[in-house]
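Q: The structure under discussion is supplied below as structure tokens; questions concerning it will follow.
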Amino acid sequence: MLNEEQKKKLLKIARETLETYIKERKIAKFSEDDPELLKSCGAFVTLRKTGRNIKIDDDGSLRGCIGHIISKEPLYKVVRDMAIASSTQDPRFPPVTVNELKDIKIEISVLSKPKLIKDIKEFELGKHGVIIQKGSNQGVFLPQVATETGWKKEEFLSNLCSHKAGLLSDAWKDEDTNIYIFDAQVFEEE
């Protein structure tokens, strides 16, 4: 678990990266000596649009969300790289513009290693993120998706299958579908 100082440091890295990349198209350089931030682990960077004049779409104020479930890179570099990816490569949205930067709020999800489960009773709604994998199809929902949508467990899994993994909505019930769970430490800018 990251402490408050480590969370602030990662949010600062994400913010500086976002500002530098969108304004100058340069990748910000950072060095880190905190052992926790040098560990290899997965992370997602979520961008949300705030402010009075936002147009709410199907995803609420979502403006981009991309991450790596597992990474060999140090955590601080994953956060840096995903800040760029979520602002420029999320296929659901056009790239973030300079004019939007003041209205973007950053959220970071630091992930534990995924664990294969045999029974959905092992999955706690709102606590665990889930990866559904069948054949070459795969989809992931972060734990906060359950809280944001209000879905029950079966709805959560069905939507993950159909909207993220490109599978039939009940594919999570198939014996040859793998279900992985993971924890996430989620924090955001003030």
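Q: Kindly provide the helix-only [θ] at 222 nm of the chain, computed as the sum of -39,500 (n - 2.57) over DSSP H runs of four or more divided by all residues, to the nearest 500 deg cm²/dmol?
A: -8000 deg cm²/dmol
Q: Shifting gears a bit: In Å and whole numbers, how far do the C-alpha atoms of the stretch 4-111 stretch along each principal axis, longest first?
A: 41, 27, 26
Q: Taking every eigenvalue of the Cα gyration tensor of the stretch 115-184, multiplying by 5 and rooting it, what semi-axes result, largest first, whole Å? Intermediate values should be presented prior to the final figure.
A: Working: eigenvalues 56, 34, 22 Å².
Value: 17, 13, 10 Å, ordered largest first.
Q: Sticking with this structure for a sec: Among T46, T88, T147, determine the one that fluctuates most according to a GNM of the chain built with springs between C-alpha atoms less than 10 Å apart.
A: Largest GNM mean-square fluctuation: T147.
Q: With everything on Cα atoms, drop me the angle between helix 75-88 and the longest principal axis of the chain, reported from 0 to 90° to the nearest 10.
A: Relative to the chain, helix 75-88 is tipped by roughly 90 degrees.
Q: Here is a follow-up. For a quick check: sort K7, K39, K102 by the number of other beta carbons within 10 angstrom, fewest at the front.
A: Least to most surrounded, the residues fall as K102, K39, K7.
Q: Further question: Expressed as an acute angle from 0 to 90° and rounded to the nearest 10, what is the orientation of the C-alpha long axis of helix 4-24 relative to the principal long axis of the chain?
A: Orientation of helix 4-24: about 70 degrees from the principal axis.
Q: How do V186, V78 line up, fewest other C-beta atoms within 10 Å first?
A: Working: V186 18, V78 26.
Fewest to most other Cβ atoms nearby, the residues stand as V186, V78.
Q: OK, next. Are any of the pairs K77/K118; K49/K152; K49/K72; K115/K153; K23/K77; K72/K152 more than 22 Å apart by Cα-Cα distance, and if so, which?
A: Numbers: K77/K118 33 Å; K49/K152 27 Å; K49/K72 30 Å; K115/K153 18 Å; K23/K77 20 Å; K72/K152 34 Å.
From the list (K77/K118; K49/K152; K49/K72; K115/K153; K23/K77; K72/K152), the Cα-Cα distance tops 22 Å for K77/K118; K49/K152; K49/K72; K72/K152.
Q: Which label belongs to the value computed from this structure, given these candidates for semi-axes √(5λ) of the Cα gyration tensor in Å: (i) 35, 19, 16; (ii) 38, 24, 14; (iii) 29, 20, 14?
A: Read-out taken from this structure: (iii).
Computed from the coordinates by the stated procedures, all read-outs in this text should not be read as laboratory data. Since we're looking at a predicted model, the values are computed, not measured. Using ideal geometry, Cβ is built from the backbone for each residue, glycine included, and neighbour counts are taken over all protein chains shown.
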